[in-house]
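Read-outs throughout are calculated quantities, based only on the coordinates presented, and are distinct from any laboratory measurement. Since the model is a prediction, treat every value here as computed from it, not as a measurement. Quick reminder, even Gly has a Cβ in these numbers, built from the backbone with ideal geometry, and neighbours come from all protein chains shown.
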Amino acid sequence: MILNGRKLVEFLPLSELYTIYHDHERLEVFAKKGLYCATCPRVGTLLVITEEKTNKHGDLGRQHVDIYTDDFILMTVDHVIPFSISQDDTLNNKQPMCEFCNHSKGNKEITNDQLTLNRKNAKPVLAGIEIIRQLVPNVHRLTQSDAVYDVKVCDTYDVPI
């Protein structure tokens, strides 16, 4: 399976987030602040090791640990007050956010009231395998191990539950 251009290597027990990776510079945000996106109902449930094909130096096989939702949407770390404005890279200025909300937010600051309103009004969306099931009616049994696709392509559909 390919996730955001990387080959999926292994699913890890989520408990390792709190034991092995709790002090990791990026993953500590999830270990200490939770797995819910700050602006939508998405929640990280999968701890995954992926492998790059090549990095900017041409090295092969560099592994990376990330958090994904059940439908393989990458969970990212957002700066509450954008780093470009505050230069604050401390844990207090970081929050979990799915890749789509983080991309939409960009380098804007969002207030707590706006975050609460966004969460209240957010509609759950289907992505990944569930979208394939809806778009291809003949697919009755499709599991994660059967699917090989780029998650970003599947997530361009906004199909309410």
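Remarks
- Those residues of segment 63-105 which are assigned to a helix (DSSP H, G or I), of a type in the set (A, V, I, L, M, F, W, C) and surrounded by 17 or more Cβ atoms within 10 Å (Cβ to Cβ), in sequence order: 100, 101
- Those residues of segment 1-28 which are over 14 Å from residue 74 (Cα atoms), among the aliphatic types (A, V, I, L, M) and not in a loop (DSSP other than H, G, I, E, B), in sequence order: 9, 12, 17
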